[in-house]
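Student: Can you read through this structure? Questions will come right after.
The values are calculated or read from the model by the stated rules, or taken from the named source; none is laboratory data. This one's a predicted model, so the numbers in the text were calculated from it and none came from an experiment. Reconstructed Cβ throughout: ideal geometry from the backbone, glycine too, with neighbour counts over all protein chains shown.
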Amino acid sequence: MEYIGEHLLPGQIGHFFLLLSFVASLLAAIAYFFATQRRNTPEEGSWKKIGRASFTIHGLGVFIVVGTIFYIMVNQYFEYHYVWEHVSEDLPMKYILSAFWEGQQGSLLLWMFWHVVLGFVLMFTAKSWESPVLSTLALVQLIITSMILGVYVGFGAEELKIGSNPFVLLRNEVQAPIFASGDYLRQIKGNGLNPLLQNYWNTIHPPTLFLGFASTIVPYCFAVAGLWTGRHKEWLKPVMPWASFSAAILGVGILMGSAWAYEALSFGGYWAWDPVENTSLVPWLILIAGIHTNLIAKNTGYSIKSTYIFYLLSFVMVVYSTLLTRSGILGDTSVHAFTEMGLENQLVLFILVFTFIAAFLYLKNRKDIPAPQKEEASSSKEFWMFIGALVLTFSAILITVSTSLPVYNKIAELFNPAHEAITIKDQEPHHNKYQLWIAVLISLLSGFAQFLRFKEFNWKKHISKFSKHAAISILIAGGLTFLTTLWIKVIAWQYLLLLFAGIFTVVANTDYIFTFLKGNLKMASSAFGHIGFGLMVVGIIASGLNKKHISTNPFAQRGLLSQDMLNTNVLLLKGVPMFMSGYHVTYVSDTLEGNLRKFKVNFKKEDNGETFDVYPSATYDNQVTKVAAYNPSTKRYLDKDIFTLFILPRTEADIQEKRNYEDTLSYELYQAYENDTIFTKNHYAIIHGINFKPTHEDYKKEDGDIALGVKMSIHKIDADTSWQVEPVTVVRKNLLINYPAIVPELSMRIKIPELIFDRFFGQPSLDYSDFVLKDGEHFSYNGMKISFNGFNTNPSHPAYTPEEGDIAVSAILKVTSPGKDKSFEAEPIYLIRKSQPFNMKDQIGELGLHFRFTEIDPANKTVKIGVATADQQESKIPVEIAENALRSDYIVLEAIVFPGINFFWLGTILMMVAFFLSMWNRRKGFKNG
Amino acid sequence: MKKIHLIGIFVIAIAIAVLMSISGDVSTYATFDQAIQSGDRVKVVCQLSKDKEMVYNPVEDPNRFTFFAKDDNGLEKQVILLRSKPQDIEMSESIVITGKMQEEAFVANDILLKCPSKYKDEEIQLKREQKGS
């Protein structure tokens, strides 16, 4: 079979470099291994050279693979499965990055890409640590590369596929009859990026998060290097800036995820204790614990062992998180959708290998790790910092246990097939209940411990200063807590305690900056971090505990609802203000741009008349047939957010539903003359006439359209209310498109039947009599006198829109009828468009006369005019009216107030800034290795 | 005894206490039968009965959506979800609902849908399909 138009070369190049970088990473791991083993011997240098060269080749190989995938994606080579899966012709270029990491292979490559970048930086900065660190890193790369290798090992039925190659061809992956045709490429189109992910957050969140994940490998590598080379004290310094960097980036990555969830997704919050969120938080918590013991170790020599454990564990938990989120095991408990790729075994192997390396090295060298003989004094900073690290660990363990229930179920099923899967009933309250105490302890510790000193330095003299500052902080925090309770409601003493603890750490650390550091901000990174933590706690209490649905209208509540059931939505009819929780809310309008339908909702505060608009929107799929995602909109104040989200009625959200629904309506046909009245089942209508330049909110004019509307007014029989409406119908190419008019208040839909075109085209029943006459001549027809009064070379006709190149002329006809005391005029048109003759008839409704102008004879200066009489019936204007239409001009709105949410963002951002600051301050360790 | 040992014992004690209390938050997935018998708030894994009617009439009540679902034992019950109709429920493979039985119906206030990924169905879309739509 010959396939036409395939581009196989990039795939071959890409796969070659994939294999090359796999082999090179193996070589780098081995070479650096021997460079470490033979350190301080003459051999070391040459091993190191091989290591560097192979890691460089590996790195360049990864870059080329990434580049090649971008190349085939940008060029839309749909012969590649990965391209077909994630790209489509209509995908805007700005989402090409998102499309790249939408798939498993792309995100694994993103991970490896960052490892390579970090590896290159380490190669130049790690000095004496280079060999052991890069040996470990190369081993990680080896395993990840194997997941996208796509190599078959063994033969026949036993054949084992290792990894899935991003360059596989569509026709090799998917069985479909289309591949029987050699030029299948001309017929297929790409699947495209999930509309939910077509969002700028998806461009910035994954690379940041993956850099965060990737950077946890560096502390792991340094820990391995420390154990391996026995330099248990020396590694503590160079690892510090890396750990701070990792904490900052991973933290920012997690925060971007929660900002995305809050701002752009319909989750209605920034943190939901979803398993996917949890598994990214756990490595971060452990890393933070590690940074604290690292500080202790560097300053006092205590806690070196725990520093090893934390840094090693943090990366292992990153791999565990990868296993959970990529294996599909979380399916029943998480809202995030994941697909399986057959990577489970490799991921389990990944964890086992790196847990084994860590455990083996640690246990083997445990006895050699130095620790001071005397234990920490209970009034020393290191003691309480260590307690803090333990609390963080405890938090990580609790989260991990609850999140791992699906894993437990899976394992239990292996041993006992009858095992009944267990799960946490309500995730959010469950986690909140325990993490509350963690947060209380951390807040209190991070406040008090700041006033303590390492090694209990000069405690006897220091104790009075410590007590004074602790007491002042408690008092101020108590006062501030009281003031805060005037602003937000705190319903239980546990929360009150937490609020106090959060405020306390803010106060204590602020005090610390001014009195202990004398305002030296360079040293203040830890204080900033803890102030950030405290503000975050305040923000969580304010926005989480006091978050309130304002989209409720108690009068509309049903008796059925029990207390624990939610009542969170209100229905807004277009243009009709609805009162809810102190606001008059109106759904004002909506506009469609591309596949985004934007809604304008106006809020007007009842008490002070303050008014603002929010613009939630619905993203349709790429064909604009069905809503793919609803996007919230938030009104921000300094002290609160008003978050709004909505859904559309079924018939608005899905074109198919709309069509089905249209079919179920029962339309009645009515016909009437201009300015006549028709009586419908419940109301009456006046038909004002046909409009050839109609407007309708859904109708967008295209070239070549023949459009007409019927102007009419609808009246209520027993009231003076009326509605001006105009149903529109359009002939576009061979399609007839209806734009019904809607009177929602009367459940009325009005559309124009096809019948109406009989007035202008067709009407074969008419029997024309032809007359040939010259300018000024006249003839008699049914007793009426019809005279031809010359041509109009600039004719106007309701159904005629001039186009370039038209030759159009109308015959001016004057009609006098014996019974009538006025005369009538008609102007049928004769038209030559693109060498084709056409005629457009004209009519005099009152006389029932139809005219057409069918021929011009330039030689004899005569024209041929056809005249016909039609039934009066036929010049009536037909409309179809349904009076059982359900309203579809509404949205179902959910509005939530998040008070004090800015404390959360401010606090978390401050924490991240603190980590960057700490990294910057300790960059010396980074430089000197 | 060293302080670190005391702390260790203390932490382990708390850990045991907490882990024991976690078991109160844990439950097995129930079937409709079990939900009827216990009357408790439970989680039920079920599949949407696609042949039965789904009712969502927001004009009347935007917080009420009813449908029928079958649990793993094949027992079918009406489910009253006290929320707006979730998107794509028609496409769901399985549904996890949280709530309790009230008379004949299961009243739920939380729902989790498991939908097949868009990318799992390996149907090749042809260009002309696009034109038709």
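Student: Pairs needed: first member in region B:35-55, within 11 Å of chain A (Cβ to nearest Cβ); second member anywhere, outside any strand (DSSP E or B) and surrounded by fewer than 16 Cβ atoms within 10 Å (Cβ to Cβ); C-beta distance under 7 Å; at least 6 residues apart or different chains.
Tutor: Listed by first residue and then by second, the contacts come to B:45/B:72.
Student: Do we find a residue being under 39 Å from the mean Cα position of the chain (by Cα), crowded, with 22+ Cβ neighbours inside 10 Å, assigned by TED's automatic domain parsing to the domain that holds residue A:2 and among the hydroxyl-bearing types (Ser, Thr, Tyr) anywhere in region A:15-35?
Tutor: yes
Student: Please return the ranges of strands (runs of 3 or more DSSP E) entirely within region B:56-127 where 1 or more residues are at the interface with another protein chain (Cβ under 7 Å from one of its Cβ atoms) and at pLDDT 80 or above.
Tutor: Details: elements: B:65-71, B:76-81, B:94-102, B:105-114.
The qualifying strands (runs of 3 or more DSSP E) are B:94-102, B:105-114.
Student: Oh, and also: Considering region A:409-426 alone, what residues qualify as being facing chain B (nearest Cβ under 10 Å) and part of a helix (DSSP H, G or I)?
Tutor: Going through region A:409-426, the residues facing chain B (nearest Cβ under 10 Å) turn out to be A:409, A:419-426.
Selection gives A:409 alone.
Student: Just give me the residues in region A:609-635 being acidic (Asp, Glu), outside any strand (DSSP E or B) and over 16 Å from the mean Cα position of the chain (by Cα), in sequence order. Before you say what the answer is, go through the steps one by one.
Tutor: At the first step, the residues of region A:609-635 found to be acidic (Asp, Glu) are A:610, A:613, A:621.
Checking which are outside any strand (DSSP E or B) leaves us with A:610, A:621.
A:610 - this is the single residue of region A:609-635 that is acidic (Asp, Glu), outside any strand (DSSP E or B) and over 16 Å from the mean Cα position of the chain (by Cα).
Student: Give A:308, A:302 a once-over and let me know the one that is more than 25 Å from the chain's Cα centre (by Cα) and outside any helix (DSSP H, G or I). Working first, answer last.
Tutor: Numbers: A:308 fails: outside any helix (DSSP H, G or I).
From the options A:308, A:302, the qualifying one is A:302.
Student: For a quick check of your reading: which helices (runs of 4 or more DSSP H) sit entirely within region A:1-106 and have at least 2 residues that are among the aliphatic types (A, V, I, L, M) and over 30 Å from residue A:185 (Cβ atoms)?
Tutor: On the way: elements: A:9-37, A:43-74, A:81-86, A:96-100.
Answer list for region A:1-106: A:9-37, A:43-74.
Student: Can you tell me which residues in region A:183-199 are touching a Phe, Trp or Tyr at 6+ places or on another chain (Cβ under 9 Å) and either over 26 Å from residue A:15 (Cα atoms) or within 8 Å of chain B (Cβ to nearest Cβ) (or both)?
Tutor: So in region A:183-199, the residues touching a Phe, Trp or Tyr at 6+ places or on another chain (Cβ under 9 Å) come out as A:183-185, A:188-191, A:193-195, A:197-199.
Once the filter is applied, which keeps residues that are touching a Phe, Trp or Tyr at 6+ places or on another chain (Cβ under 9 Å) and either over 26 Å from residue A:15 (Cα atoms) or within 8 Å of chain B (Cβ to nearest Cβ) (or both), region A:183-199 yields A:188, A:189, A:191, A:194, A:195, A:197, A:198, A:199.
Student: May I ask you to list the residues in region A:370-401 that are over 48 Å from the mean Cα position of the chain (by Cα) and more than 14 Å from chain B (Cβ to nearest Cβ)?
Tutor: A:370, the sole residue that qualifies.
Student: Also: Specify the residue that is nearest to residue A:900 (Cα to Cα); the eligible residues are those in region A:606-631 that are touching a Phe, Trp or Tyr at 6+ places or on another chain (Cβ under 6 Å) and not aliphatic (A, V, I, L, M).
Tutor: A:612
Student: Continuing with the same structure: Across region A:807-835, which residue is modelled with the lowest pLDDT among those that are part of a loop (DSSP other than H, G, I, E, B) and surrounded by 14 or more Cβ atoms within 10 Å (Cβ to Cβ)? Spell out the reasoning first.
Tutor: Of region A:807-835, the ones part of a loop (DSSP other than H, G, I, E, B) are A:817-822, A:827-828, A:834-835.
Cutting the leftovers down to surrounded by 14 or more Cβ atoms within 10 Å (Cβ to Cβ) gives us A:817, A:827-828.
Values: A:817: 80, A:827: 86, A:828: 87.
Per the stated criteria, the residue is A:817.
Student: With the requirement that a residue be at pLDDT 85 or above and in contact with a helix residue (DSSP H, G or I) (Cβ under 8 Å, 6 or more places away or on another chain), what does region A:717-739 give you?
Tutor: A:723, A:729, listed by residue number.
Student: Considering region A:427-469 alone, what residues qualify as being loosely packed, with under 15 Cβ neighbours inside 10 Å, more than 13 Å from chain B (Cβ to nearest Cβ) and on the phi < 0 side of the Ramachandran plot?
Tutor: A:457, A:459, A:460, A:461, A:463, A:464, A:465, A:467, A:468
Student: Go through region A:634-676 and give me each residue that's in contact with a strand residue (DSSP E or B) (Cβ under 6 Å, 6 or more places away or on another chain), of a type in the set (S, T, N, Q) and closer than 30 Å to residue A:843 by Cβ.
Tutor: A:671
Student: Can I ask one more? Does region A:211-263 hold any residues that are among the aromatic types (Phe, Trp, Tyr) and closer than 19 Å to residue A:908 by Cα, and which are they?
Tutor: Going residue by residue through region A:211-263, those that are among the aromatic types (Phe, Trp, Tyr) are A:213, A:220, A:222, A:228, A:235, A:242, A:245, A:260, A:262.
Matches in region A:211-263: A:213, A:245, A:260, A:262.
Student: Are there any pairs, at least 6 apart or on different chains, whose C-beta atoms fall under 9 Å, with the first in region A:610-635 and more than 11 Å from residue A:646 (Cβ to Cβ) and the second modelled with pLDDT under 85 and basic (Lys, Arg), and if so, which?
Tutor: A:620/A:626
Student: Sticking with this structure for a sec: Given A:278, A:199, A:294, which one is over 30 Å from residue A:543 (Cβ atoms) and in contact (Cβ under 8 Å) with a residue 12 or more places away in the chain? Working first, answer last.
Tutor: Values: A:278 fails: over 30 Å from residue A:543 (Cβ atoms); A:199 fails: over 30 Å from residue A:543 (Cβ atoms).
Unique residue meeting the criteria: A:294.
Student: Tell me which strands (runs of 3 or more DSSP E) are completely within region A:675-736 and hold 2 or more residues being exposed (fewer than 14 other Cβ atoms within 10 Å of the Cβ), or say none if there are none. I'd like the intermediate steps shown before the answer.
Tutor: Details: elements: A:677-679, A:683-691, A:706-716, A:722-725, A:728-732.
The strands (runs of 3 or more DSSP E) meeting that bar are A:677-679.
Student: Just need a number here: residues in region A:792-822 that are free of Cβ contacts under 8 Å to residues at least 60 places away in the same chain, small (Gly, Ala, Ser) and either outside the structural domain of residue A:777 (by TED's automatic domain parsing) or within 17 Å of residue A:843 (Cα to Cα) (or both). Give the derivation first.
Tutor: The first filter runs over region A:792-822 and keeps only residues free of Cβ contacts under 8 Å to residues at least 60 places away in the same chain, leaving A:792-797, A:800-822.
So of that shortlist, the ones also small (Gly, Ala, Ser) come out as A:796, A:805, A:808, A:810-811, A:817, A:819.
Narrowing the set further to residues that are either outside the structural domain of residue A:777 (by TED's automatic domain parsing) or within 17 Å of residue A:843 (Cα to Cα) (or both) leaves A:796, A:810-811, A:817.
Summing the residues that are free of Cβ contacts under 8 Å to residues at least 60 places away in the same chain, small (Gly, Ala, Ser) and either outside the structural domain of residue A:777 (by TED's automatic domain parsing) or within 17 Å of residue A:843 (Cα to Cα) (or both) in region A:792-822 gives 4.
Student: Further, regarding this structure: In region A:791-806, how many are over 54 Å from the mean Cα position of the chain (by Cα) and exposed (fewer than 12 other Cβ atoms within 10 Å of the Cβ)?
Tutor: Counting residues in region A:791-806 that are over 54 Å from the mean Cα position of the chain (by Cα) and exposed (fewer than 12 other Cβ atoms within 10 Å of the Cβ) gives 2.
Student: Go through (1) at pLDDT 85 or above; (2) surrounded by fewer than 17 Cβ atoms within 10 Å (Cβ to Cβ); (3) under 24 Å from residue A:264 (Cβ atoms); (4) not hydrophobic (A, V, I, L, M, F, W, C) one by one and return the number of the condition residue A:575 breaks.
Tutor: Among (1) at pLDDT 85 or above; (2) surrounded by fewer than 17 Cβ atoms within 10 Å (Cβ to Cβ); (3) under 24 Å from residue A:264 (Cβ atoms); (4) not hydrophobic (A, V, I, L, M, F, W, C), the lone unmet condition for residue A:575 is (3).
Student: From the set of residues in region A:160-182 that are within 12 Å of chain B (Cβ to nearest Cβ) and part of a loop (DSSP other than H, G, I, E, B), which is surrounded by the most Cβ atoms within 10 Å (Cβ to Cβ)?
Tutor: Among those that are within 12 Å of chain B (Cβ to nearest Cβ) and part of a loop (DSSP other than H, G, I, E, B), it is A:174.
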